[in-house]
Amino acid sequence: MEKKNLVPLIRSAQQGDKQALLELFLNFEPSIIKHSIRYSTFINEDCYQELATQFIIAVQSFDFSKYEDN
């Protein structure tokens with residue numbers, strides 16, 4: 001799996017760029033789907049929706065200052 005620098009996308013998404021947020025989401029959607037079917041053989045729609053919502057909240061609230069060198 002190729003590593004990708006997500007910092008520019010996260011910064012753009014935090015500034016309201018919906019295309020950047022969509023690209024981020026699509027990068028993580030396989031993981032969201034995987035966790036939505038963890039205990040069954042089908043996608044739990046409620047779980048998928050909650051994970052998607054929490055992903056968007058996490059992107060919007062990500063604090064780069066905690067990880068930057070000072």
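The values are calculated or read from the model by the stated rules, or taken from the named source; none is laboratory data. A quick note: this is a predicted structure, and the numbers were derived from the prediction, not measured. Positions of Cβ are generated from backbone atoms using ideal geometry, with glycine treated the same way; all protein chains shown enter the neighbour counts. Keep in mind that these areas ignore ligands, DNA and RNA; they rest on the heavy atoms of the full protein, side chains included. Shrake-Rupley method; radii C 1.70, N 1.55, O 1.52, S 1.80 Å.
Taking every residue in the range 12-28 that is farther than 15 Å from ALA52 by Cα and pairing it with any residue that is loosely packed, with under 15 Cβ neighbours inside 10 Å, at least 6 positions away or on another chain, the pairs with Cβ-Cβ distances below 7 Å are GLN14/GLN60.
Just to check your reading of the model, which residue among LEU24, LEU51 is touching a helix residue (DSSP H, G or I) at 6+ places or on another chain (Cβ under 6 Å), of a type in the set (A, V, I, L, M, F, W, C) and open to solvent by 50 Å² or more (accessible area, probe 1.4 Å)?
Answer to the check: LEU51.
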